[in-house]
Amino acid sequence: MLFTFPRSSRSASTMIDSTSSNLFVPSRIMKNGGSSLSRGIPPSVIPRNKATPSSSLKTRPTLYPPIFTTYLSRFLLSVDPAARSWLITTKSLRTNNNKKNSPPPSDDELFGSFSNSVELGLSDYFSGPYGSYASVDAAIAGLSANNTRTKSSSSLSPLGAREGVLNLFALLRARYPDQKLQLAILFSLLDSPMLPQPTGEIASLLGEIDDGVFKSVSLADGVDYSGYVWTNPPPRVVFPDPLGVGSLYMAPAAVCKMKKTGKRLPSGQFEAKIIGVELESSGSGFSTSFPSKVYVENPAECGGVSRETQARRLKINSEIVPRVIEQRAQEGTIFNESNNPFPLLNTRPIYDPLSRRFEIQGVENNDLFFGSIGSSPVTKNAVNLSAGDYLKLVAAGGLSTILVRMALIPLDNAKTKIQLCDDRELVDYINAKEEKEKGMTNGMTTQTVLSGISTLRGPIALFQSADITFLASIIYGTIGFGATELFRRSFALAFHPGTISTDSGDYFTILLAAAAAVVVTSGIVAPLENLRVRAMAVNDREKVGLANVLGSFLYEVDNNTNNNNYNNNNNNNNNNNNNNNNNNNNNSATATFSDIKTRHIGPLWSSFLPIVARELPFGIAKFAFFELFVNIITTSGLLSGVTVGVGPAGLAESALCGSLAGVMASVVSHPADLIITKQSRGGGESALEIIRGEIRKEGGLRNLFVGLKQRAAFFFLVIGVQFLLYDGFKGILGVAFDDLNLVLDVFYAVRQGLTY
């Protein structure tokens with residue numbers, strides 16, 4: 001958002017996609033720690049990122065290297081049902097709803113946005129102890145309130161970072177118990193001082209994969225196994241604990257074979273030495289990919305003579321073999337190339353004793369090795385808004401429209417005076433002034449009209465029709481914005497029932513929603529718009545208010561000889577004084593809305609069709625030109641990395657493109673606006689008669705575009721400024737982009753898949 005405002009306590013609700021069972025969370029929540037639904041229980045306090053309320057989700061810091069994030073993304077898209085469902089559904093919807101003559105998004109584009117969502121989830125849930133899981137039990141049950149901590153600098157410490165890795169490992173291991181090799185490969189991709197590789201946990205996965213057993217143990221060459229006491233029990237053979245986790249895995253057992261050496265120890269006891277080791281039980285849960293060293297107790301531990309070379313336990317040789325050798329042929333195979341666009345590795349990690357870490361042969365230390373992370377996550381626009389959310393959108397639209405339109409009343413008045421050109425007092429003043437100053441007249445311009453009105457009638461006259469404009473602006477803002485939001489989301493649900501949102505590129509849905517909103521708004525605002533244009537056309541400074549204009553209008557209708565068909569060509573009003581737009585004003589009185597009778601309803605709504613004829617082309621052209629200007633800026637590379645409507649740069653781009661689109665749309669719809677202005681004088685002229693009359697005048701077709709400069713300037717300012725104000729008010733009310741733009745929370749579906 002362009003401005004920083006106090007935040008509403010409530011944001012738009014999270015949504016669960018009924019098709020893929022994925023959770024979509026307002027982006028503001030994801031920027032500030034993630035959703036409590038993914039965490040298990042709400043965190044105690046989630047600090048808001050007040051410094052950068054519109055910061056891009058992509059720029060959030062994360063400890064996890066891109067190669068880890070992208071492989072985790074591949075893993076989820078291959079084995080997680082919700083992720084797979086999202087991929088299939090999204091490809092299908094985007095293929096069906098894509099723009100005309102535009103190809104659907106590629107697999108790489110979909111992967112980029114999904115991996116960005118994964119990166120965001122890692123940052124929120126697994127970059128430290130904040131809101132993550134410390135064990136399998138914690139992953140299943142959810143984090144306890146006592147252990148919930150907010151993000152701080154300690155989360156980025158080596159201890160906090162390792163805790164986050166172990167939390168992630170616990171969750172994935174519990175969720176995907178049959179994907180041990182893939183998890184071992186995944187966590188083998190970690191290797192940094194801040195994010196050390198969990199070698200012990202990787203080894204445990206490999207131990208469970210192999211379920212290896214000790215085939216044999218033997219004495220090592222070059223090791224002196226003497227110095228033991230013959231009469232004492234044999235030294236104990238020390239095996240490591242099984243790598244596999246659980247009671248199914250057991251440690252092996254072996255006994256030493258002893259023999260007298262014929263020597264005596266300093267104690268006088270006969271010396272013995274080990275001449276062999278006999279394996280009694282082979283154990284289970286070991287791996288050939290991780291060293292499991294076997295030792296025997298040194299003589300000092302058994303009451304013998306301690307020598308310097310025997311200060312530590314003595315190493316013996318051992319051989320481990322997998323319990324099921326055939327398992328190796330299938331391990332790691334998830335989906336083949338034919339049905340999975342994101343294949344996984346089938347190479348087990350190998351432990352390097354020198355570096356004390358696992359390595360994967362053939363994998364380069366390249367951030368792009370498994371694909372690239374996109375510039376933005378998977379997002380959807382919220383569709384099922386509450387009544388309160390719609391009321392906030394209505395309020396934001398109303399406030400922004402009122403402020404902008406009220407401020408630009410002078411420009412709108414100038415346009416109307418120039419189009420009608422029947423204010424003789426004003427025209428004579430402008431001509432006389434220009435003749436005196438320049439020796440010639442250039443006609444009515446914005447500057448001369450505004451200056452003339454201010455001089456002749458005072459600065460307050462520049463805001464002629466302010467009271468009616470205020471009422472009309474309320475409807476244009478509240479109904480216009482509210483109806484657009486309602487129809488857009490309603491049509492999305494109707495046309496795309498399998499998803500919680502329509503794709504942003506679905507022009508048909510957006511245009512249809514805009515058209516429906518125009519018709520509804522025009523139907524409601526028609527009486528006020530009729531009176532508003534009449535008020536701006538009034539040339540009598542004493543009779544420009546709502547009461548006077550309404551009274552004049554009702555008097556005109558009542559004096560029409562055919563009250564039941566006011567659109568007929570009546571001759572009663574053909575003797576109007578063209579110097580004054582208030583026909584029969586001398587005989588009219590002020591009126592209120594309570595004075596409106598049934599016979600007045602039709603005439604009051606007579607401007608409905610002309611308004612629709614003006615607003616529909618305007619809205620369609622505005623949308624088309626907006627997309628055109630956005631595409632021009634995007635393809636030019638002037639604002640690389642900027643998302644339209646997001647952040648200060650994105651909002652500025654939207655405002656600029658909207659303003660330029662408003663100028664172009666005003667050109668397309670201007671003849672209809674001229675007709676509405678001309679009809680405000682009364683006389684019963686039809687649109688066709690007005691067009692014919694203007695074309696027959698000197699200037700021809702150019703006469704249909706009289707006042708275009710003023711109207712183009714009006715909408716350049718209205719759309720640009722109104723857009724920024726609308727977004728600002730939405731931010732205050734808690735229905736801004738960050739609140740209604742929903743981001744995929746990948747780890748919700750991961751956690752939901754746990755067996756409780």
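Quick note: the coordinates plus some simple rules give every number you see, no bench work behind them. Since the model is a prediction, treat every value here as computed from it, not as a measurement. Positions of Cβ are backbone-derived with ideal geometry, glycine not excepted, and every protein chain shown enters the neighbour counts.
Full-extension gain between Cys421 and Ser490, please, as 0.36 nm times their residue separation minus the C-alpha to C-alpha distance.
Difference between extended and current length: 20.4 nm.
May I ask you to derive the FRET efficiency for Ser18 and Asp352 from their Cβ-Cβ distance with R0 = 56 Å, giving the value to the nearest 0.05?
Computed FRET efficiency for Ser18 and Asp352 comes out at 0.75.
Compute the distance in nm between two label points, each set 7 Å from the Cα along the Cα-to-Cβ direction, one at Asn384 and one at Asn317.
The two pseudo-label positions are separated by 6.8 nm.
Would you mind listing how long the stretch 343-425 runs along its three principal axes, going by Cα atoms, in whole Å with the largest first?
Cα extents, longest axis first: 97, 33, 24 Å.
I need the Kirkwood Rh of the stretch 165-212: take the reciprocal of the average 1/r across all distinct C-alpha pairs and report it in angstrom.
10.8
On a straight-distance basis, which aspartates and glutamates could pair with Lys392 in a cross-link, Cα separation under 18 angstrom, same-chain partners fewer than 8 positions away excluded?
The qualifying aspartates and glutamates are Glu485, Asp727, Asp738, Asp739.
Under a plain spin-label model, where a point goes 7 Å from the Cα along Cα-to-Cβ, how far apart in nm are Arg599 and Gln752?
In this crude spin-label approximation the distance works out to 6.4 nm.
Compare the Cα positions of Leu688, Phe716, Phe705 along the charge dipole of the stretch 681-721 (+1 at Cβ of Lys, Arg; -1 at Cβ of Asp, Glu; about the Cα centre) and return the one farthest towards the positive end.
Farthest towards the positive pole: Phe716.
Around Ser654, under 14 Å between beta carbons, what's the net of Lys plus Arg minus Asp minus Glu among the other residues?
-1
Under a Cβ-Cβ cut-off of 9 Å, what is the net charge of the residues other than Glu301 that fall near it, where Lys and Arg count +1 and Asp and Glu count -1?
Combined, the nearby Lys, Arg, Asp and Glu give +1.
Report, in listed order, any pair from Lys415/Lys730; Lys438/Lys697; Lys215/Lys293 with a Cα-Cα distance greater than 23 Å.
From the list (Lys415/Lys730; Lys438/Lys697; Lys215/Lys293), the Cα-Cα distance tops 23 Å for Lys415/Lys730; Lys438/Lys697.
Dipole size in debye (nearest 20) for the stretch 360-420 around its Cα centre, Lys and Arg Cβ +1, Asp and Glu Cβ -1?
Roughly 560 debye for the stretch 360-420.
So for the stretch 397-478, taking the charge dipole from beta-carbon charges (+1 Lys/Arg, -1 Asp/Glu), which of Leu471, Tyr429, Ile402 sits furthest toward the positive end?
Ile402
In the stretch 626-756, if every C-alpha pair distance is counted and binned at 5 Å from zero, what percent goes to each bin?
2, 9, 12, 13, 12, 11, 9, 9, 8, 6, 3, 2, 2, 1, 1, 0, 0
Taking the Cα centre of the stretch 653-756 as the origin, how large is its charge dipole in debye, to the nearest 20, when only Lys and Arg (+1) and Asp and Glu (-1) carry charge on their Cβ atoms?
Result for the stretch 653-756 is approximately 500 debye, rounded to the nearest 20.
Between Ala515 and Glu698, what FRET efficiency comes out of the Förster formula 1/(1 + (r/R0)^6) with R0 = 51 Å and r the beta carbon distance, rounded to 0.05?
E between Glu698 and Ala515, to the nearest 0.05, is 0.85.
In nm, to one decimal, how far is the modelled label at Gln361 from the one at Thr592, with both set 7 Å along Cα→Cβ?
9.4
Can you list the HN-Hα couplings for the stretch 14-27, worked out from phi with the Karplus curve (6.51, -1.76, 1.60; θ = phi - 60°), rounded to whole Hz and with x for Gly and Pro?
Result, ordered by residue: 6, 9, 10, 5, 5, 7, 9, 6, 8, 8, 10, 10, x, 4 Hz.
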